[in-house]
Amino acid sequence: MRKNMPTRLAGLAGLALVAAACGSSTTTASSVAADASKVDTATDSSTPDSTTSDSFAPDTAPSDTGSDTGSDTAPLDTDPSKDFGFAVRLPGQHTLTCSNPSPMSGDTLVVTDADFICAFSYKGATGHVYVQNTATGCEGGGMSNLGTFTSPGSWMSLASGVAAMSGGSYDWGGNHHNDSLEFDYQGKHFRMYHSSFGYGWRKCQPMDCIQVTAGVGGDIVEDGCTKDRTLPIWCSQVELNGSYAPPVDAFKKCAGDPNP
């Protein structure tokens, strides 16, 4: 290109002389020449985007970093095998209007769902129980307002697998919060309760034993919640973030227990 430059300049000069001789402006001719010199004839090696696909898959669910003992630090389980086969839900909180509020409390109460995962052992059947208990009501309990619950689901996990159960229920346990958890399994009705109470007949730890009863509120058929704690279990409540302490037996007699 550099060798041909004088010839090109001479040609342009000739065009300018012809235009001047004809009485025309030189602006058009020089502009055309300048634009022509700026034509981009280079080949673009880049490839335009023809797709919106991304080699990175989007996160569809939070990961589960819990251990096989049941401890789970993830917001919600995506791998139920980390929780004895259960798909553990996130409990909620509910602001409920009390039907007959206590004179010492307001008309409403904020209640958290009381979901529990419990170790279970009875006559050779060893595994875990998961019962969901949704706060649905509020009632006056004399000294304070108390939440009431319904149980949308309950499950038993054994070595053979996970099976749904019926008869799930949860009772807050009055002003002292001596709570209990109930469900049906293989034709029996089980009540998880407490075997030790401290000063003022108050529990000091989670539910730790089993009673076999004749249905909800029925007579006790087999009492494993005596001071000898003959049917021991252990329960852990699921927290609002989906985590829970491993349901490992850590029983101790309550201080002030009248049955040492």
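The values are calculated or read from the model by the stated rules, or taken from the named source; none is laboratory data. Keep in mind the model is a prediction, meaning the values are calculated, not measured. Positions of Cβ are generated from backbone atoms using ideal geometry, with glycine treated the same way; all protein chains shown enter the neighbour counts.
When 65, 126, 69, 73 are screened for being farther than 23 Å from residue 249 by Cβ and either at pLDDT 85 or above or outside any strand (DSSP E or B) (or both), only 65 passes.
Please enumerate the residues belonging to the range 209-246 that are under 26 Å from the mean Cα position of the chain (by Cα), surrounded by 13 or more Cβ atoms within 10 Å (Cβ to Cβ) and under 19 Å from residue 177 (Cβ atoms). Across the range 209-246, the qualifying residues are 233, 234, 235, 236, 237, 238, 239, 244, 245. Within the range 221-249, residues that are closer than 15 Å to residue 113 by Cα sit with their Cβ atoms under 9 Å from residues that are of a type in the set (A, V, I, L, M) and surrounded by fewer than 17 Cβ atoms within 10 Å (Cβ to Cβ), at 6+ positions apart or across chains, in these pairs: 236/248; 238/90; 240/90; 241/76; 241/90; 242/76; 242/90. Pairs meeting the criteria (first residue in the range 146-175 and free of Cβ contacts under 8 Å to residues at least 12 places away in the same chain, second residue aliphatic (A, V, I, L, M), beta carbons under 7 Å, at least 6 apart or on different chains) are 163/156. When the range 109-133 is filtered for residues that are surrounded by fewer than 22 Cβ atoms within 10 Å (Cβ to Cβ) and closer than 13 Å to residue 172 by Cβ, the ones remaining, listed by number, are 112, 114.
Among the residues making up the range 76-98, those that are in a loop (DSSP other than H, G, I, E, B) and modelled with pLDDT under 90 are 76, 77, 78, 79.
The range 163-214 holds strands (runs of 3 or more DSSP E) entirely within its bounds, and those carrying 2 or more residues that are of a type in the set (Val, Ile, Thr) map to 209-213. Among the residues of the range 82-124, those identified as without any contact (Cβ under 8 Å) to a residue 40 or more places away in the chain and more than 15 Å from the chain's Cα centre (by Cα) are 95, 103, 106, 107, 108, 109, 110, 111, 123, 124.
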